[in-house]
């Protein structure tokens with residue numbers, strides 16, 4: 001199958017086919033403005049990459065263990081480091097407050 005993102009897949013395929021057709025018209029059409037068709041087809045194919053990226057990223061499967069919410073879960077050594085940094089930061093902040101004079 002094409003995966004879960006069928007719409008993005010088919011949009012990418014349609015853009016690729018349309019781009020190739022436009023390029024072929026530019027190459028074999030014998031038109032005066034053949035270069036416009038060649039460049040236009042190349043641009044359409046390039047823009048189809050957006051749909052391919054959507055399709056690919058929509059089909060990435062992540063195990064449920066990695067999706068668990070781990071906000072607020074910190075290891076004990078991280079807490080010690082956080083506490084030490086907070087203590088130093090508060091000490092610096094309080095030293096500036098003591099030295100400040102009231103504005104008159």
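The values are calculated or read from the model by the stated rules, or taken from the named source; none is laboratory data. Remember, it's a predicted structure, so these values are computed and weren't measured experimentally. Quick reminder, even Gly has a Cβ in these numbers, built from the backbone with ideal geometry, and neighbours come from all protein chains shown.
Below are the figures for this structure:
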| quantity | calculated |
| --- | --- |
| Verdict on residue 61 being at pLDDT 80 or above and either part of a loop (DSSP other than H, G, I, E, B) or exposed (fewer than 10 other Cβ atoms within 10 Å of the Cβ) (or both) | yes |
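To keep it simple, each residue is scored yes or no on (1) surrounded by 13 or more Cβ atoms within 10 Å (Cβ to Cβ); (2) at pLDDT below 95.
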{"residue": "3", "(1), (2)": "yes, yes"}
{"residue": "13", "(1), (2)": "yes, no"}
{"residue": "16", "(1), (2)": "yes, no"}
{"residue": "19", "(1), (2)": "yes, no"}
{"residue": "50", "(1), (2)": "yes, no"}
{"residue": "68", "(1), (2)": "no, yes"}
{"residue": "76", "(1), (2)": "no, yes"}
{"residue": "80", "(1), (2)": "no, yes"}
